[in-house]
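These notes concern the structure reproduced below.
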Amino acid sequence: MKTARSMLLAIVAAAVMATAAATAQAAGGKMIVTFKDDVSTLDPAIGYDWQNWSMIKSLFDGLMDYKPGTTDLVPELAQSYEISPDGTQYTFKLHPEAKFHNGRPITADDVKWSIERAVNPKTQSPGAGFFSAIKGFEEANSGKTDKLSGIVVLDPHTVRFDLSRPDATFLHVLQLNFSFPVPKEEVERLGADFGKSPVGSGAYKLKEWTLGQRIVFVRNPDYWKKDTPKLDEIEFQFGQDPSVALLRLKKGEVDILGDGIPPARFLEVKNDPANKGLIVQGNQLQTGYVTMNVKIKPFDNVKVRQAVNMAINKERIVKIINNRAVPATQPLPPSMPGYDKNYKGYPYDPEGAKKLLKDAGFPNGFETELYANNTDPNPRIAQAIQQDLATIGIKANLKTLAQSAVIQAGGDGTAPMIWSGGMAWIADFPDPSDFYGPILGCGGAVQGGWNWSWYCNKDLDKLGAEADAVTDPAKKAEREEMWRKIFIKIMDDAPWAPVFNELRFTMHSPRVKGEDSWFVDPVHIPVHYDEVYVAQ
Amino acid sequence: MSDAWKKFFRNRLALAGSLVIALIVLGGVGAPWLAPYDPHEQFFDGLTLEGAPLPPDAKFWLGTDLLGRDLFSRLLFGARTSLIIGIVANGAAVVIGTFLGLVAGFVRGWLGAAIMRFTDLMMAFPALLLAIALAAIFNPSLWIVALVIAMVNWVQIARVIYTQTTSLATREYIEATRALGANWPRLLFVHVLPHLLPTILVWSTLGIATTVLLEATLSFLGIGVRPPTPSWGGIIFESQSYFLDAPWLVFFPGIAVLLMALSFNLVGDALRDALDPTQRGR
Amino acid sequence: MLRFLLSRLGQSVFILIGVTVITFALAFLVPADPVRMIAGRSASPATVENIRHQLGLDRPVPEQYVRYVTRLVHGDLGRSYMQKTQVSTLIASRLPATLLLMAGAIFFELLIGLTAGIWAATRRGHFSDQAVMVASFVGVSAPQFLVGLLLLYVFANLLNLFPLGGYGDLHHLILPALTLGIGGGGWYSRVMRSSMADVLRQDYIRTARAKGLKERKVVLVHGLRNAILPVVAMVGLDIGIFMSGAVVVESVYGWPGIGQLAWQAIQVIDIPIIMGVTLTAAVAIVLGNLLADLVTPFIDPRVRL
C-alpha cells in the first residue's frame, strides 16, 4: 500500500514538474525593440508621448486597464469596484498581493497620494486636468492644498472617489498613466530624477538606462498577475533610423520596429512574400484633418467650409502616403465607439465645391494661409491639399513651421487653416468624449487651447455633457448613439475637413509570437509588451 | 587692373567655373521658358499606382518627386531660388560686414573696439545653431531665410575688412593727407575704399558659395526656403525617406548645389590670385 | 605670456556672457510657447498657467535671466523642461559620441589634407598638383548632406561594407567621420600645400638637400615640422566648430551627439537644453580659438601675443 501510494505521489509529482517545466518553457527569452529617439521620461505623471506611454504601462499598474488587444475596460489593480447609482461615487478594492518593485505592498494611501501628486502644480503633470471631476480638484490644482478631498481611504485596501458630477469617462481616466500609483518614498528620495529611475509595480522592472542608447526591462519575479509577463527581458535600442532597423530585422538582429515600417520601403516590404505573417495591420485612434478657423473670414461661412471638404482629393493623398491610411468621412476614427459606419460624409466634387463658393459670394475664390508642421511627410501632404484648393480657386499660402510654432498659431487663433498631421489628435482613451472636449468643444476654443477651428456650439456642448452623465454601464449603447449624433451634427457645420485615418502596420521578427491584436493593440504602441512572447 | 584680368582668364579652372555659373544663371533666369512643365503641377501619372516616384524616362527627363512633380523643371526653378538667396544674402552680408569693418578700422577708438568685440562674440556663436534657431522659428519666406544667412555670414567679412582698413589707414600717405586737412569722407571714399574693392569682390564671390551651402543645409533640415517654392535643398529634404529607392531625387539636386558652390569657389579663388599684388605664385 | 592669457580670459568671459544674453533673448523672441509643449494637449488653461508659474516663466525676462546666470555660476545648468533631467547629465551623456566623432573627423581631415597637400607641394605645376587642387575645391564645395548620403548609399547600401548609420564601434564611426573629414580635408590640403611650398623654398631645405639627405627625409622631417603649424592652428578652430554639433552628419547617420540634442530641443523650445548646448559650444569655440592663437606666433614670428 505504502509503496503504491508513494509511487502514485511520485508520478503525480513528476507530472506536475513536467507541466511546470513545459509552462516555464513557454515563458522567457529576450526581445529587442528599436526606436529612433530616446525616451524622454518614464515618470507616469509626466510621460505623455506615444513612445513612453506603453513602456510606462509595463513598469506600472493602474486601477483599470483594457483587455489586451481591445478597448474593453477591465479592472487591474482593482480587484473589484462599485459605482453608486447616481454615478458620483466609485469604490475600489485593491488586490492584496500587489507590490511595488521595492517590495512594499500597494495600499489605498498610495493610490490617493499618487493622484494628488499628478494634480499638484509642482509636479507639472500634463494630465492634471483629467481628474477635474474629483471633488476638491480646484483647490489641489491651484496649489492651495496638497490633498484631494474627493479621494477617501476607507481601509488599507479600499479607496473611494467622490465626484462633483457624474462622469461616464471616469473609469477610462483611471486607466491613464497619470493615475498610476507610485511609491512615495522613492519619489521623495529621487525627486525630479524619478523619471529616469522609475520604481513601479508592473510586469517589468527597469534594469538599465544608458541615456541616448539603450533601456533594458527585466521581468518582475514578484508580479502579482500569474504568467505575466511572458518575456524575461526587453531591450530598447535608440538612435536606430527606421531604414536601418528594417535591415537589422531582416538579418534577425532586432525583433520589433518601434517606429514602424519606413514609408519608402513600405510597399516593397508589404508585397514581399517572405514577410507574410510578420506584418500585422490595425487601426489607430487617430484622424488627420484640416481645421478651419470659424473666426477668420471667409471660414465663418459654412458653405465655404463645406466647399473645402468637397475639394480635397482624399484618395490621392492616401496614395501619396503609400496607402498607409484610409480616407476619413468624420472626426471619429473607425475603431472608436460612436463611429458611424453608414455616414458617407462630403463627396469629392470640385465642381460642386466651386458652386458652393459661388453661392457663398466667392466666384473667383480667395486667398488664405495653410499651416503645417515641417516634418516629413506633412509638408508634402500640405502641398497636395494646396493644389486641391487651388483647383477650386482658393489660393492657400503654405506656412510650414516647427511644431511648436504651429501649435502656437492654432492656440492664438491666427491660423486660418491648419493641416493637423504630426500634431493630430490621438485619443487619450477610446471614448468619443475625448475626441470632443479639447478639440471641438467650447472649452478648447480659448487662448492656448487645442480647438484650432475655434468652433463653439453651446447646444452640442450641452448634449455632450448629457451624454457623459450617462454612467450606467447598461446604457452604453444609448450613450454611444448620443455621441454619434453629436459628431454628425459637427460634420454638418464642417469646422473640420477630415482627410484620413492612419492605419498601423507593425512588423516583427518570426521568433516573436502572440495574438495579432497584441501587435496592434489600440492603447499599447507599438506592441503590448506584457503579452507578446518569444518562441523558445 | 587689366593684368589681373589677363591672369584670371588664363586660369582654366576659373574659366570652367565661370561657364558653370553662366549655365546656372541661364537656367535660373530662363526657367519659365526652358522648363518642360510647371514646377508646381502634381501629375496624377507622375507617381506609380502605389505612390512611388518615377525614375528618369522619356516624359520626365530627370524623373518625378514624391508628389509627382517634374524634377527637371523643379531644378531649373530651384536655380532661381539659389541665385536669389546667394545674391541677396551674400550681398547683405557683404554690406553689413564691410560697413562695420570699415567703421571699426577707420574710426578706431572705443567704437572700433566695441564693434570688433561684438564680432568676436558673433564668431563664438555656433553658426549653424544660430541659423537653425532663427530659421525654424520665424515666419518662413525667401527674404527671411536670406536675412538669417546674412546674420551668420557677415562676421568673417567684417574681420577681413577691418584688418585691411587698419593697415591702410596707418599708411603714411593717409596720415599725411589727414595732416593736410582733407576731410574724412574724401579720405574714405577716394583713398581707402578703392583699395578694399578687390577684397570685397573676392569675398562677394566666395561668399556666394558658403551662402548656397548654408541655404541648402537649412532646406535639407526642413527649415530653409519653404515649400512649395522649389529649392535644391528642399527637394532633398522632402525625398530623404525615399533616398535608398529613389536616389536620383537626392543626387541631382545635391550635385547642382555642389556645382554652384564649386564654380563660385573656383572663380573667387582665381580672382583672389589675380588681384592680390603680393601673390606668391601658384 | 601670462598677460596674454589673462587678457584672453577676460575677453572670453565677456564673450560667454554675451552668448548667454543673445541665446536667452532669441529663446524668448520665439513666437512659440514652451509651456504649451510641456503641458500637452489635454491641459486646461489652469494647468498651463500652473506649469508656467512653477518654471518661473511668468516672471519678466530680465529677472529670469538673472536667475539663470546665478544658477550657472554655481555650476547648475538647470533641468530640461520636457524631460526634467539635469541638462548637464544630458549633455554629458552625448559628449562621448560627439568627441568620438570629432576625433575621427580630425583624423580624416589630417590624413586627407596632409597627404594631398604634401603631394601637391612636391609636384608644383604638374598635373597631379592641379588635380589635387580641384579635388580640394570639390571637397570644400560639397554639401555635407550630399557627401553623407552618397557614402551611405555606395558603401553601406550597395557594397555592404559598413552599417547603415547608428552608433557603436569603429565600424559605425568611419562613414560619418569621413563625411566630415572630406570637407575639412579640402581646406587643410590647400593650406598645407601653400605652407609646404613656402617652406620648401627656404634656405635650410636647400642645405639639407645639398647635404645629400634623401628627398623623402627632407620633405617629411625637415619640411613638415615647420609647414604643419598653420594646420595645427586650423585644428584648433575645428574643435570649436565640431563641438557646436555636426547637426547634418548626426541627422544623416543617426549619431547620438550634441547636435541632435540641440535640434530636438529647438523643435520643442526646451530652453534649458538650448542654453546649455549653445554655451558648451561657445566654450569649445573660445578654447579652440585660443589654441589656434597660441600656435600662430610659431608660424609667423612677426605676430606677438
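Please treat every number below as a calculation from the coordinates, not as lab data. Nothing here was measured: the structure is a model prediction, and the numbers come from that model. Cβ atoms come from the backbone with ideal geometry, glycine included; neighbour counts cover every protein chain shown.
In order along the stretch B:236-247, the phi-based Karplus estimate (6.51 cos²θ - 1.76 cosθ + 1.60, θ = phi - 60°) of 3J(HN,Hα) comes to 5, 4, 5, 9, 3, 5, 9, 3, 6, 9, 10, x Hz; Gly and Pro are listed as x.
Given the pairs A:LYS297/A:LYS355; A:LYS135/A:LYS476; A:LYS196/A:LYS513; A:LYS93/A:LYS475, which are separated by over 21 angstrom at their Cα positions?
Values: A:LYS297/A:LYS355 18 Å; A:LYS135/A:LYS476 25 Å; A:LYS196/A:LYS513 30 Å; A:LYS93/A:LYS475 24 Å.
Too far apart for the 21 Å limit: A:LYS135/A:LYS476; A:LYS196/A:LYS513; A:LYS93/A:LYS475.
Structure remark: mean-square fluctuation, Gaussian network model of chain B, C-alpha springs under 10 Å; the largest value among B:ALA133, B:ALA16, B:ALA124 belongs to B:ALA124. Remark: spin-label model distance A:LYS36-C:LEU5 equals 4.7 nm, labels positioned 7 Å along the Cα→Cβ axis.
3J(HN,Hα) along the stretch A:500-514, derived from phi through the Karplus expression 6.51 cos²θ - 1.76 cosθ + 1.60 where θ = phi - 60°, amounts to 8, 10, 5, 8, 10, 10, 9, 10, 9, 7, x, 7, 8, 10, x Hz, with x in place of Gly and Pro. Averaged across A:396-409, how many Cβ atoms of other chains sit within 10 Å of each residue's Cβ atom? Mean number of neighbouring Cβ atoms from other chains: 6. Amide H neighbours of A:PHE500 under 5 Å, counting only residues 5+ apart in sequence or on other chains, H built in-plane at 1.01 Å? Close amide H contacts, sequence-distant or interchain: A:GLY288, A:ALA328. Of all the options B:PHE125, B:PHE60, B:PHE264, the one that moves most in a Gaussian network model of chain B with Cα springs shorter than 10 angstrom is B:PHE125. Whole-Hz Karplus values for the stretch A:286-293 come out as 9, 9, x, 8, 9, 8, 10, 6 Hz, taken residue by residue from phi with 6.51 cos²θ - 1.76 cosθ + 1.60 and θ = phi - 60°; glycine and proline positions read x.
Taking the centroid of alpha carbons for each part, the stretch A:48-96 and the stretch C:215-279 are 50 Å apart. Amide H to amide H, with H built 1.01 Å from N, A:TYR66 comes under 5 Å of A:VAL74, counting only residues 5 or more places away or on other chains.
Classify the stretch A:281-411 from the C-alpha gyration tensor, please: rounded if a/c falls under 1.5, else prolate or oblate depending on whether a/b exceeds b/c.
Numbers: a/c = 1.59, a/b = 1.20, b/c = 1.32.
Judged from the Cα gyration tensor, the stretch A:281-411 comes out oblate (a/c at least 1.5, b/c at or above a/b).
So, R0 is 60 Å and r is the distance between the beta-carbons of C:ARG59 and A:LYS225; what FRET efficiency does that work out to, to 0.05? Spell out each step's value before the answer.
Numbers: r = 48 Å, r/R0 = 0.79.
Result of the calculation: an efficiency of 0.80.
For A:ASN457, the residues whose amide H sits under 5 Å from its own are A:CYS442, ignoring neighbours fewer than 5 places away on the same chain, with H placed 1.01 Å from N. Relative to one another, the C-alpha centroids of the stretch C:138-208 and the stretch C:86-114 are positioned 15 Å apart.
Taking label positions 7 Å along the Cα-Cβ direction at both B:ARG117 and B:ASP57, the computed distance is 6.6 nm, reported to one decimal. Helical runs assigned H by DSSP (4 residues or longer) give the protein assembly as shown a calculated mean residue ellipticity at 222 nm of -16500 deg cm²/dmol, each run adding -39500 (n - 2.57) before division by the residue total.
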